[in-house]
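Working notes for the structure below.
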Amino acid sequence: MDAVYYLTQDLARSRKFYEDVLGLQFVRDYQGSFIEADLSDGTTFGIGFIPEGFHVSGGIMFASPDFEDAGARVRASGAKVNGEYVGDNCTMLWFEDPDGNTLCLHRRKAGAV
């Protein structure tokens, strides 16, 4: 497991909750849309705001040694793909398992934390 992410309808409200209630310290901010905290086991917890629309989420991000191949297998399986993101720090493919649970393939870009 590489990271766990949740979507929010209000990033500032969620940030305050996770910092004040759970003591997380967000160390990365991606253009005010996604923020990340490093956890003690080396994984990442993030929350994000997607302007196109909120949906109840929560998803484990799996790192894959061959992101393209893994993504092709997800698509070939017929899994519902909820979105893709290619950014300065990472590439993500969000999708659902057969029961509708949210998962993500995740590839950090070289040098990104």
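The values are calculated or read from the model by the stated rules, or taken from the named source; none is laboratory data. Quick caveat, the model's predicted, so the values are computed rather than measured. Cβ placement follows ideal geometry from the backbone for every residue including glycine, while neighbour counts extend to all protein chains displayed.
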Any residue in segment 11-24 that is outside any loop (DSSP other than H, G, I, E, B), surrounded by 14 or more Cβ atoms within 10 Å (Cβ to Cβ) and of a type in the set (A, V, I, L, M)? yes
What's the number of the condition M1 fails, among (1) without any contact (Cβ under 8 Å) to a residue 60 or more places away in the chain; (2) surrounded by fewer than 15 Cβ atoms within 10 Å (Cβ to Cβ); (3) closer than 16 Å to H106 by Cα? (1)
If you go through segment 71-85 one residue at a time, do you hit one that is touching a Gly at 6+ places or on another chain (Cβ under 9 Å) and in contact (Cβ under 8 Å) with a residue 60 or more places away in the chain? no
Going through segment 73-113 in order, the residues found to be surrounded by 15 or more Cβ atoms within 10 Å (Cβ to Cβ) and either of a type in the set (A, V, I, L, M) or in contact with a helix residue (DSSP H, G or I) (Cβ under 9 Å, 6 or more places away or on another chain) (or both) are V74, A79, T91, M92, L93, F95, L103, L105, H106, R107
Spot the failing condition for D29; the list is (1) buried (at least 16 other Cβ atoms within 10 Å of the Cβ); (2) in a strand (DSSP E or B); (3) free of Cβ contacts under 8 Å to residues at least 24 places away in the same chain; (4) not basic (K, R), and only one is missed. (1)
Of all residues in segment 32-47 being within 11 Å of A3 (Cβ to Cβ) and not β-branched (V, I, T), which is surrounded by the fewest Cβ atoms within 10 Å (Cβ to Cβ)? G42
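Among the residues of segment 62-93, write down those that are polar (S, T, N, Q), under 27 Å from P51 (Cβ atoms) and either modelled with pLDDT of 90 or more or in a strand (DSSP E or B) (or both). Even if it seems obvious, please write down each step before you answer.
Narrowing segment 62-93 to residues polar (S, T, N, Q): 64, 77, 82, 89, 91.
With the extra rule that they be under 27 Å from P51 (Cβ atoms), the set shrinks to 82, 89, 91.
Hits for segment 62-93 are N82, T91.
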Looking only at segment 9-60, and only at residues there that are at pLDDT 85 or above and of a type in the set (V, I, T), the one that is farthest from G111 (Cα to Cα): I47
